[in-house]
1. For each of A:74, A:202, count neighbouring Cβ atoms within 10 Å of the residue's Cβ, then give the residues from fewest to most.
2. Tell me the mean residue ellipticity at 222 nm calculated for chain A from its helices only (DSSP H runs of n ≥ 4, each -39500 (n - 2.57), averaged over every residue, nearest 500).
3. Counting other beta carbons within 10 Å of each Cβ, put B:114, A:80, B:18 in order, fewest first.
4. Translational diffusion coefficient of the protein assembly as shown at 25 °C, 0.890 mPa s, Stokes-Einstein with Kirkwood Rh over Cα pairs, in µm²/s as a whole number.
5. What is the mean number of Cβ atoms from other protein chains located within 10 Å of the Cβ atom of each residue in peptide A:146-155, rounded to a whole number?
6. Go through B:249, B:259, B:182 and say which Cα lies farthest out towards the positive end of the charge dipole of the range B:9-275; charges sit on Cβ, +1 for Lys and Arg, -1 for Asp and Glu.
7. Cross-link list A:227/A:272; A:181/A:249; A:287/B:161; A:106/A:309: which exceed 32 angstrom alpha carbon to alpha carbon?
8. Which lysines, on any chain, are close to residue A:315 with Cα under 28 Å apart, when same-chain ones fewer than 8 places away are left out?
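Values quoted throughout were computed directly from the atomic coordinates according to the rules given, and no laboratory measurement underlies them. Since we're looking at a predicted model, the values are computed, not measured. Quick reminder, even Gly has a Cβ in these numbers, built from the backbone with ideal geometry, and neighbours come from all protein chains shown.
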Amino acid sequence: MTTKSFQEHFDNQIENEVSIEPRDWMPDDYRKTLIRQISQHAHSEIVGMLPEGNWITRAPSLRRKCVLLAKVQDEGGHGLYLYSAAETLGISRDEMIEQLHSGKAKYSSIFNYPTITWADMGAIGWLVDGAAIMNQVPLCRTSYGPYARAMVRVCKEESFHQRQGYEIMMTLANGTEVQKKMAQDALNRWWWPSIMMFGPSDADSPHTAQSMKWRIKRFSNDELRQKFIDVTVEQAKLIGLTVPDPNLKWNEETGHFDFGEINWDEFWNVVKGNGPCNKERLQARQKAWNEGAWVREAAIAHAQKSKLKAAKNNKQKSETA
Amino acid sequence: MATVQIDNTTFQLLHFTLQWADNALINGHRLSEWCGHGPVLEQDIALSNIALDHIGQARSLYQYAASICNNFDSEIRQQLFASTALNQKISKGELIDEDDLAYLRDAWDFRNTLLVEQPNSDWAFTVARSFYFDTFNFFWLSSLQSSSDSVIAAIAEKSLKEVNYHLRWSSEWIIRLGDGTMESHQRIQDALNDRWSFTGELFQPTEADIAMLSMGVGVDLSRIKQQWLDRIHAVLNEATLIMPTSVWMQEGGKQTRHSEHLGYLLAEMQFMQRAYPNMQW
Ligand SMILES: [Fe+2]
Ligand SMILES: [Fe+2]
């Protein structure tokens, strides 16, 4: 086949919703876009372990401690599925981690905000995992097969996390005065960063059109953001919390909530590295990786020695047989 | 307040259960500190799993301990612990639960061994601590499966399935590090030597251990000490590591005399319950 016919075949697969598999031909830019997106997603899972990991040792009850620990562990598992999916595109996990540590690869900016109180564990589960679900459910049908399959597993667990987070918020909102205050304070701090998670407005999102054409993306940033706001505002009301946006108003005509201006200046600054915890998060990852170097080396050395030993034993066996 | 005579057997059963529960909680808490910071993602996940098992075991045991406490007369219940917060609850006639035992006692009411409260330090020290403890835990639980106390026997049986995996995990890491590189060999040998002095206490019977053994509830620590030594020796041998030789052993944790580390651990772990008391979470 010529490059042209390869391209035609690929276009047909996309057109007919046949998933692209690792052995299929794909345009270079499609591959690059996927590597960028999947690795960024994997990094987000791993860096995302840090703000919540903060509270495992301080959780207020044994049950909450177990639930939180299991949740953060799930996020590690998501990272694992996603790194594996990205590896099918011809990049190694070590290379991706190197890109994270050098700052070349990004991760979701939401994790550059600090977790200050226990209520943040509720707010993150409810809002951040909630926003992640909105983003990720359509990805279960994304055109690249391994990514889509990884997302099916991830989404199941994310919706569990979202419910657990909401339940923490509900417990606080039904609790004492100080607990209510804690819940409201967390919502105040996490609301805007959460709705920024959907990325820049469609007008300022250069990759969106191409990604939609390739059916990597199915909905635009603004569509998903609106959907999230519509759902979440109702959930806040249900537990008596106030969304910190004075311009939030139901619009009969559109059937959606109108909302206030997003602070894009803050958004771009956090992306650029000026968020409250960018440095700490990256340093924590680098530290874990560097301090673990001798452990990984030892594991590799032992595996190689064991392999040699096994080969030698087999040889001896076949010689004596 | 006049001291009321306490039923000694039940009192010893309580201490016995708390010894075990505190080991599980403190070990699980220490391991959970690794979450998000492991040397490689798969191991981060494995350690979280093991931490979860331990905290889960602690919960079952604290529930049992709480039920033992709640069965004492109220006057006796107020003499069980030094904690003001706990005693206030009891004096109001409230029943205590697993969280009260985990979050409201101070270090001088904790009965875990010194070994498990030692800091993670690095991967080698964590593996060494886990290896010593998991091996102990394996023989401890194996023996407790036939305890005459049916609750204890049931918790032991359920936990043993998990601890089988823990022991395999830590033994494999001992072998991997011992056999791996020169650096890893040296690091794990140093860690094993250093943590060795905390292992004697595992087999030092307390009053509670002795009382429970005589009733068929507990464990013959001198018997499992030999099993423990044999197993440690076999694994270290395979790992080309040397059995530590120092004879001086640290002790005190089981008698509620702890190292400095436990106070800091509890300050962090109990912070929410201390700063925001008497709330539902
Ligand atoms: Fe996740
Ligand atoms: Fe999640």
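1. Details: A:74 21, A:202 13.
Result, fewest neighbours first: A:202, A:74.
2. Helix-only estimate at 222 nm: -21000 deg cm²/dmol.
3. Details: B:114 24, A:80 19, B:18 27.
Going from sparsest to densest Cβ surroundings: A:80, B:114, B:18.
4. 92 µm²/s
5. 0
6. Going by the Cα projections, it comes out as B:249.
7. A:287/B:161; A:106/A:309
8. Correct list for residue A:315: A:305, A:307.
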